[in-house]
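The values are calculated or read from the model by the stated rules, or taken from the named source; none is laboratory data. Please read these numbers as outputs of a predicted model, since none were measured by experiment. Methodologically, a virtual Cβ is constructed for each residue, glycine included, from the backbone with ideal geometry; neighbour enumeration extends over all protein chains shown. Note: areas computed on protein heavy atoms with side chains; ligands, DNA, RNA excluded. Shrake-Rupley method; radii C 1.70, N 1.55, O 1.52, S 1.80 Å.
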Amino acid sequence: MCGIVGYIGTRPASDILMEGLRKLEYRGYDSAGLATVLEGELHCVRAKGKLQNLQDKIEGLENPARLGIGHTRWATHGKPEEHNAHPHTDTYRRIAVVQNGIVENYRELREELKAKGHEFRSDTDTEVIPHLIAEHLKNPLNTDASLIERDPFLEAVRASVNCLTGAFALAVINADFPDELIVVRQQAPLIIGLGQGEFFCASDTPAIVPHTRAVLPLENGELARLSPLGVEIYTFGGDRLKKHPFTLNWNPIMVEKQGFKHFMLKEIYEQPGVVRTCLETYLDTAWSADSKGAPVQLKLADGVLDGVEHVQVVACGTSWHASLVGKYLIEQLANIPTMVQYASEFRYSPSPLTRHTLTIGVTQSGETADTLAALEMEQKRREQARDAALAPRMLGITNRPESSLSRLIPNIIDTHAGIEIGVAATKTFTAQVMAFYVLALDLAYRRQTLPLERIEQILDGLRQLPAQIESVLESQERYIEELAHSFGETQDFIYLGRGINFPIALEGALKLKEISYIHAEGYPAGEMKHGPIALLDAKVPVVAIAMPGTVYDKVLSNAQEAKARDARLIGVVPMNDPEAEHTFDQMLPVPVVDELLSPILTVIPLQLLAYHIAARRGLDVDQPRNLAKSVTVE
Ligand code: AGP
């Protein structure tokens, strides 16, 4: 979705803003722009399309301004045209605003402001904001004259945001106040970075980490003034707040491709490390059935996992797929009935709450609007029930502990995958599935639903996974790259899986459609004959995940049904398996593991297949069309 950057300091702002926007490109956008303040004038440059178009426009312009804001826009209100790109300005082009989110009451405001003589130049909701600020500067509403006299710009922004409804984050500059950058947060992320004599703001941390790791995330209903003297934070009500920055444990190299052609490929290759980190962080690696303590240390507050009798998980997209694997694990290992719901559906039709329900929100970004809205709704209904036992049983699984999710839910399992730049989630999916292994094992241990020897066996299996992923990457990538050549004309794919590998079929299909724009459907293998089989012919490849375990023979029979309809069969299969060799036209073999652990391995060839098909088609793998890394609008 949209990206915001802002800078005030001693260096030329344009370079820093452009660099920041590049770091936010991965979030998806269709136009971009910059505004700076130099010698009492506002300079605004905007361009449709990629950042290079904006770069071309500012190339050669001498602009040493030390204050500025920048934006990448993902169109919601108004087409992706230059006149709709941010920053937007007031009638006299003194105030510039960039916004992420949606101003819901913009129509009424626009009419009111037009009636007062304000001239509008775009079709966006955002444009009302600079006009509103200009109006409040001209006709201050606040009765406390001393505040207006002392901080006229800040007060005008504060008065304006109090007129807005919706979810938004803003950065605002004013040519008449060249030492102030004002930022606002209301239900959309905004982070402040604190450097030496310079300050940054951004909607996401990658734009800040190259400069500083000391950050201050704003909360909803807060605004801040960044000036050469420091950062002041206020509530929308005008109260000054004291906040302490925290240090991000990132290093700037994480946001580089490090020799890989695309971030997605780099992130696929980072998965062995992601699994290792999870094991080291949450498991007692020396644990055995004879050990005294628990095998898992999740470091959650008391009461969160006690007496759970029902689990409901809310998530979107790939996180929803990881949650389906989680459902399987929690049910099979800890014997707790588990439901997984799309966050966007849950909000309007939540399942009944019981005293013993644990609600889990899963989101790698921690900023997905649908997931946050569902969890806020869940939190409210728990409060309204006025039952103390309900309160603590909420848990978040995220890769961004600095995100809105972590501020909404204090109990978090941090997936520690490191920043993921590719829009198509890969390593964060694996990290989320790993989080579910540790959670399910913790619940199983507490509830004594598994013999200790079985827990030990699963832990042993988990410890083998990093090396096994490495072996799949090593042995498969070349072959899959070659195989990808044969799908140049393919328009439809079917992915089949059963049991714990059904979500992997969904995930394989999602990866392919996201980045290659090929239509792909994931289906439970046994359901194919109830409908989708009608789609099959020689032009539709079928990818089936057939791993040893409870459903192996069944999946092989389902694959045969597809073969009988002339479909080309590709199998994610156990290594050296004669049965599989007999069934499939092409095979993507992975090491034989406990069925329960197989999703971590079976997803790897499917990620590679999607990647190479898209790369072969010359598509923008890391920033596929129409998609955003974190979807911050509902
Ligand atoms: C994953 O490849 C997708 N880009 C998308 O489905 C994503 O998983 C979804 O938007 C949820 O994001 P989140 O995990 O940040 O909440």
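Semi-axes of the equivalent ellipsoid of segment 19-98 are 20, 15, 11 Å, computed as sqrt(5λ) over the eigenvalues of the C-alpha gyration tensor in descending order. Amide H contacts of V631 (H built 1.01 Å from N, in plane; Pro and chain starts excluded): A369 sit under 5 Å, all sequence-distant by 5 or more or on other chains.
Measuring with a 1.4 angstrom probe and ignoring ligands and nucleic acids, R454 comes out at about 60 Å² accessible.
Compute the angle between helix 317-334 and the longest alpha-carbon principal axis of the chain, please, reported from 0 to 90 degrees and rounded to the nearest 10. So the inclination is approximately 50 degrees. Remark: the Cα gyration tensor places segment 461-526 in the oblate category, a/c being 1.5 or greater and a/b not exceeding b/c.
In summary, the aspartates and glutamates within cross-link reach of K629, defined as a Cα separation below 17 angstrom excluding same-chain residues under 8 places away, comprise E25, D30, D204, E256, E267, E367, D370, E402, E420, E507, E514, D620. Filter the trypsin sites (Lys or Arg not before Pro) in segment 294-383 down to the DSSP loop ones having no more than 11 other Cβ atoms within 10 Å, then list what survives. Sparse-neighbourhood loop trypsin sites (Lys or Arg not before Pro): K299. Seen against the Cα atoms of the chain and their longest principal axis, helix 106-115 is set at about 20 degrees. Value of Rg to Rh for the chain, rounded to two decimals, is 1.00; Kirkwood radius and Rg both from alpha-carbon coordinates. Of the Cα atoms belonging to segment 147-288, the radius of gyration and Dmax stand at 19.6, 69 Å.
Of all the Cα-Cα pairs you can form in segment 488-627, what percent are over 19 Å apart? So the pairs more than 19 Å apart make up 46 percent of the total in segment 488-627.
The mean sequence distance of close C-alpha pairs (under 8 Å, at least 6 residues apart), as a share of the length of the chain, puts its relative contact order at 12 percent.
What shape does segment 44-179 have by the C-alpha gyration tensor, where a ≥ b ≥ c are the square roots of the eigenvalues, rounded means a/c under 1.5, and otherwise prolate means a/b greater than b/c and oblate the rest? Here segment 44-179 falls in the oblate category.
With the convex hull of its Cα atoms as the shape, segment 295-446 has an orientation-averaged projected area of 8.0 nm². Here segment 73-130 and segment 252-326 have alpha carbon centers that stand 42 Å from each other. Converting phi to 3J(HN,Hα) with the Karplus coefficients 6.51, -1.76 and 1.60 and the offset θ = phi - 60°, segment 445-451 yields 5, 4, 8, 6, 8, 10, x Hz in sequence order, with x at every glycine or proline. Measuring how big segment 175-257 is from its alpha-carbon positions, Rg and Dmax come out at 13.1, 44 Å.
Summary of the geometry: segment 6-31 and segment 378-448, compared by the centres of their Cα atoms, lie 31 Å apart.
Report Rg/Rh for segment 1-62, rounded to two decimals, where Rg is the Cα radius of gyration and Rh the Kirkwood radius.
Rg/Rh: 0.95.
The mean sequence distance of close C-alpha pairs (under 8 Å, at least 6 residues apart), as a share of the length of segment 179-322, puts its relative contact order at 16 percent.
Counting residues in segment 117-190 as N, plug N into 2.2 N^0.38 Å and put the Cα Rg over that result. Walk me through the numbers on the way to the answer.
Values: Rg = 12.4 Å, N = 74, 2.2 N^0.38 = 11.3 Å.
Ratio of Rg to 2.2 N^0.38 Å for segment 117-190: 1.10.
Provide Rg over Rh for segment 542-620; use the alpha carbon set for both Rg and the Kirkwood Rh (inverse mean inverse pair distance).
Numbers: Rg = 13.1 Å, Rh = 13.1 Å.
Ratio value, two decimals: 1.00.
Backbone phi angles across segment 396-405, fed through the Karplus curve with coefficients 6.51, -1.76 and 1.60 (θ = phi - 60°), yield HN-Hα couplings of x, 10, 8, 9, 10, x, 8, 7, 4, 4 Hz in residue order; Gly and Pro are listed as x. Out of every Cα-Cα pair that segment 246-323 contains, those further apart than 16 angstrom amount to 75 percent. For helix 128-138, report the angle its Cα long axis makes with the longest principal axis of the Cα atoms of the chain; keep it between 0 and 90° and round to the nearest 10°. Approximately 30 degrees, to the nearest 10.
How many percent of the accessible area of the chain is carbon or sulfur, using a 1.4 Å probe? Ligands and nucleic acids excluded, carbon and sulfur reach 49 percent. In the full protein context, the chain carries 39 Å² of accessible surface per residue, based on a 1.4 Å probe and ignoring ligands, DNA and RNA. An oblate overall shape is assigned to segment 310-381, the ratio a/c of its alpha-carbon gyration tensor axes (a ≥ b ≥ c) being 1.5 or greater and a/b not exceeding b/c.
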